[in-house]
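The values are calculated or read from the model by the stated rules, or taken from the named source; none is laboratory data. Because the structure is predicted, anything quoted here is derived from the model rather than measured. Don't worry about glycine lacking a Cβ; one is built from the backbone with ideal geometry, like all the others, and counts go over all protein chains shown. What goes into the accessible areas is simple: the full protein's heavy atoms, side chains included, and nothing from ligands, DNA or RNA. Shrake-Rupley method; radii C 1.70, N 1.55, O 1.52, S 1.80 Å.
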Amino acid sequence: MAPPSPASPIVNRLGPLLAALLLALFWGQAVSASRHWSQTSDELPHLTAGYVYDRFGDYRMHFENGNLPQRVQGLAPLALGARFPMDEARWRVSDYWQLGWDFLYGRDNPTDRMLLGARALNALFGVGLGAFIFVVARRWHGDAGGLVALGFYVFYPDFLAHSALATSDVAGALGLTLATWCFWQHLARRDFRSGAVAGLCSGLALVAKFNGLLIAPVYALLVAIDSALCADRGRRLARFGRNLGLVAAQAAAALLVVWAFYSFRYAARAPDLPPVDRFAWSWDQMIQLAGAKGSVLVFAADWHLLPQAWLYGLANVLAGEAARPSFFAGEYSLHGWWQFFPTLFLVKAPVGMLAALLLALAAGWFRLRAAARGAARAAFLRSAPLVVLAVVVALSALTSHLNIGHRHILALYPPLFIALGGLAAIGRRWQHATLALLLASAVESAAARPDYLAFFNVAAGGPDRAYRLVVDSSLDWGQALPALHTWLDRHRQGDEPVYLSYFGSAWPPHYGVNPTHFLPGVNIAVPPFHPYAYEPGLYCLSATSLAEVYSDYRGPWRAAWERAWRDPATPPGERELLRFSRLCKYLQGRQPDGNAGHAILIFRLDAAAIQAALDGPVKGW
């Protein structure tokens, strides 16, 4: 154990109470900030599926994300008596995007209250993760250490952002962290009670988010470590065998939990609802994209080893990881970059926290060198589960093809926050430095409020130019419509035309944004194309639209595209997409005249600028 923290008696006495206050502050910060955000892209299917799971016991919708968080979020519209569209044609093809849009915007449901309630419930996962960080850090580093660890967590912008979104990322981080910790405790205690708790947490990790499958390599490494550290070398192999038995028991318990969340029924369809003619995603296509892993899923489906919806969800995730359009620092790729997540790690954390991590790393190194062999071994045994978790998540991120959002590595951070708690026990002078860094993190986080999702630290230049580095859910997830409404109220000149390309699934008029024309964008609610001219006015483009991540014309402009743009015989719909791509490439080389929440870029264009965009040289990024 770490030596007692030399904190003040008040801290040592009131540690749990102060932690409770910090957790309440975290929940309040997150939920109150979310009132300034529009519905983000993935919240529509999450809320839709969660409501359907809870009310109908049907699992055909949005099975690619966690059943557990969606069920929790679905309680909000259920409690508010929301009405759901029973459009049989869409039910039969699990068209949850259109059903969800109708659910939120076409039924006179209390959309804002439904969304805020779901976000408030989801923020409880963030509170749970913070409580875990405090408990473990307090056990290792004392009350002051627990509060330091929790303090850095409470003011981390991305956890404030994603805790207050009706999505599965924070629930996934909590599930993976708890499962890892409880399994290591079970390896140490080897009794029924710890095994039951670990089995429950293993199952919850698998229904929180599909990154819960990382428990497989995590458990394998922990079993190997536990076996290798057996004092009697002759019994290591036997201990390894018994550990494999414990893993098998964990797998059985986890499968039981998964089946329970799907009503112990293989079929995704509830018996009294319309049949499923096809799911939103083709099974055969997903299996083909999943590669060798797909054959395992086919075997599991043929033998009904796991619920149909869970298997379809996993197939969808694996297919998406095989190839996904992404943008990074002006480049495009279907397979990602190893530098993507390390860069986000450096630019999405407050500078004070990054400095504290360097300080903790140096302090830990010197303490380890000075420790006796027995003390070093004890420290390793204590920290093994969280070190293994961090290593597995980091390696998974480095090899991932899914480079769209910092949220995918949130499970990396709980071990780091707990390590920061050790700064409370390295001497009073360093404690003062730690408190200064914690205060700096809090100030930088507070300055970003309410735009936590778009946070980029001051060393990276802040969020205003972040759109040139990354987009999608790292910056622009459709959350900035209220900010755009406010900007237009303040800066629009009379009846100045407004053109909007919105990346998201929300309905802009619901948030007071009524553009003169909708430009092409990734939005299910965009009306059908009708010919219109580009006139002088305000051109408002989501950062993801400006980067053309999901456009067929992303990247350097080609001669074939120019010919198609110039050819009057090109179909009007295709010609509109080419015109918009030309506009984007022009705007990529121009500074915005404003921004909404750092996620929607606003350009005031005159006739000369429009002429240059449509007829001048094409540059782009």
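Can you tell me how many residues within region 62-89 are in a helix (DSSP H, G or I) and closer than 30 Å to W283 by Cα?
11
With respect to the numbered conditions (1) crowded, with 17+ Cβ neighbours inside 10 Å; (2) under 19 Å from the mean Cα position of the chain (by Cα), which one is the sole condition not fulfilled by P342?
Against the list (1) crowded, with 17+ Cβ neighbours inside 10 Å; (2) under 19 Å from the mean Cα position of the chain (by Cα), P342 comes up short only on (1).
Determine if region 302-312 includes at least one residue that is at pLDDT 95 or above, part of a helix (DSSP H, G or I) and surrounded by fewer than 19 Cβ atoms within 10 Å (Cβ to Cβ).
Scanning region 302-312 turns up at least one residue that is at pLDDT 95 or above, part of a helix (DSSP H, G or I) and surrounded by fewer than 19 Cβ atoms within 10 Å (Cβ to Cβ).
Among (1) open to solvent by less than 10 Å² (accessible area, probe 1.4 Å); (2) of a type outside the set (D, E); (3) without any contact (Cβ under 8 Å) to a residue 60 or more places away in the chain, which single condition is L423 missing?
Against the list (1) open to solvent by less than 10 Å² (accessible area, probe 1.4 Å); (2) of a type outside the set (D, E); (3) without any contact (Cβ under 8 Å) to a residue 60 or more places away in the chain, L423 comes up short only on (3).
Out of the residues in region 385-426 that are part of a helix (DSSP H, G or I) and hydroxyl-bearing (S, T, Y), which is farthest from G151 (Cα to Cα)?
S396
Have a look at L237, L187 and point out the one that is free of Cβ contacts under 8 Å to residues at least 40 places away in the same chain and either of a type in the set (K, R) or part of a helix (DSSP H, G or I) (or both).
Just a single option satisfies the conditions, and that option is L237.
Please indicate, with yes or no, whether at least one residue in region 156-172 is aliphatic (A, V, I, L, M) and either over 30 Å from H510 (Cβ atoms) or open to solvent by 10 Å² or more (accessible area, probe 1.4 Å) (or both).
Among the residues of region 156-172, not one is aliphatic (A, V, I, L, M) and either over 30 Å from H510 (Cβ atoms) or open to solvent by 10 Å² or more (accessible area, probe 1.4 Å) (or both), which makes the answer no.
Tell me the residue from R382, R324 that is assigned to a loop (DSSP other than H, G, I, E, B) and of a type in the set (D, E, K, R), please.
From the options R382, R324, the qualifying one is R324.
Just name the residue that is most open to solvent (accessible area, probe 1.4 Å) out of those in region 106-133 that are among the charged types (D, E, K, R) and farther than 16 Å from E43 by Cβ.
If we take residues in region 106-133 being among the charged types (D, E, K, R) and farther than 16 Å from E43 by Cβ, then D108 is most open to solvent (accessible area, probe 1.4 Å).
Need pairs with beta-carbon distance below 8 Å; first residue at pLDDT 95 or above and within region 580-603, second of a type in the set (D, E) and surrounded by fewer than 22 Cβ atoms within 10 Å (Cβ to Cβ); sequence gap 6+ or separate chains.
Going by the 8 Å Cβ cut-off, the qualifying pairs are N595/D464; H598/D464; I602/D593; F603/D593.
Can you tell me how many residues within region 291-301 are open to solvent by 10 Å² or more (accessible area, probe 1.4 Å), over 20 Å from V207 (Cβ atoms) and not in a loop (DSSP other than H, G, I, E, B)?
Going through region 291-301 one residue at a time, the tally reaches 4.
Between a first residue in region 460-471 that is in contact (Cβ under 8 Å) with a residue 24 or more places away in the chain and a second residue that is surrounded by fewer than 19 Cβ atoms within 10 Å (Cβ to Cβ) and part of a loop (DSSP other than H, G, I, E, B), which pairs have beta carbons less than 6 Å apart while being 6 or more apart in sequence or on different chains?
Partner pairs satisfying both residue conditions: L469/A329.
Report every pair of residues separated by at least 6 positions or lying on different chains whose Cβ atoms are under 6 Å apart, first residue within region 288-306 and within 21 Å of A268 (Cα to Cα), second of a type in the set (D, E, K, R) and surrounded by 13 or more Cβ atoms within 10 Å (Cβ to Cβ).
none
So that you can scan it fast, the table gives a plain yes or no per residue for (1) touching an Asp or Glu at 6+ places or on another chain (Cβ under 9 Å); (2) at pLDDT 95 or above; (3) not acidic (D, E):
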site	(1), (2), (3)
Q431	no, no, yes
S441	no, yes, yes
A446	no, yes, yes
D451	no, yes, no
F455	yes, yes, yes
V458	yes, yes, yes
R468	no, yes, yes
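Any residue in region 24-38 that is at pLDDT below 95, surrounded by fewer than 23 Cβ atoms within 10 Å (Cβ to Cβ) and among the charged types (D, E, K, R)?
no
What residue, of S445, S501, S474, S441, is open to solvent by less than 10 Å² (accessible area, probe 1.4 Å) and either touching a strand residue (DSSP E or B) at 6+ places or on another chain (Cβ under 7 Å) or within 25 Å of Q98 (Cβ to Cβ) (or both)?
Only one candidate passes the filter, namely S501.
Determine whether P571 is closer than 26 Å to S333 by Cβ, of a type outside the set (D, E) and without any contact (Cβ under 8 Å) to a residue 12 or more places away in the chain.
no
Restricting to region 64-82, count the residues that are open to solvent by 10 Å² or more (accessible area, probe 1.4 Å) and touching an Asp or Glu at 6+ places or on another chain (Cβ under 8 Å).
4
From the set of residues in region 557-612 that are touching a strand residue (DSSP E or B) at 6+ places or on another chain (Cβ under 8 Å) and in a loop (DSSP other than H, G, I, E, B), which is least open to solvent (accessible area, probe 1.4 Å)?
So the residue we want is A599.
Kindly establish whether R554 is of a type in the set (K, R) and either in a helix (DSSP H, G or I) or out of contact with any Pro (no Cβ under 9 Å at 6 or more places or on another chain) (or both).
For R554, the condition - of a type in the set (K, R) and either in a helix (DSSP H, G or I) or out of contact with any Pro (no Cβ under 9 Å at 6 or more places or on another chain) (or both) - is not met.
What do you reckon, is W487 open to solvent by less than 40 Å² (accessible area, probe 1.4 Å), assigned to a helix (DSSP H, G or I) and within 20 Å of H36 (Cα to Cα)?
yes
Just one of Y59, Y53 is touching a Lys or Arg at 6+ places or on another chain (Cβ under 7 Å) and not small (G, A, S); which is it?
Going through Y59, Y53 in turn, the sole match is Y53.
Please list, ordered by first then second residue, the pairs with beta carbon atoms under 9 Å, 6 or more apart or interchain, first in region 152-173 and more than 18 Å from S41 (Cα to Cα), second open to solvent by 10 Å² or more (accessible area, probe 1.4 Å) and among the acidic types (D, E).
Taking only residues 6 or more apart or on different chains, the pairs are F155/E444; P157/E444; P157/D451.
Can you pull out the residues in region 364-397 that are at pLDDT below 95, of a type in the set (A, V, I, L, M, F, W, C) and either open to solvent by 60 Å² or more (accessible area, probe 1.4 Å) or closer than 23 Å to N457 by Cβ (or both)?
W365, F366, L368, A370, A372, F380
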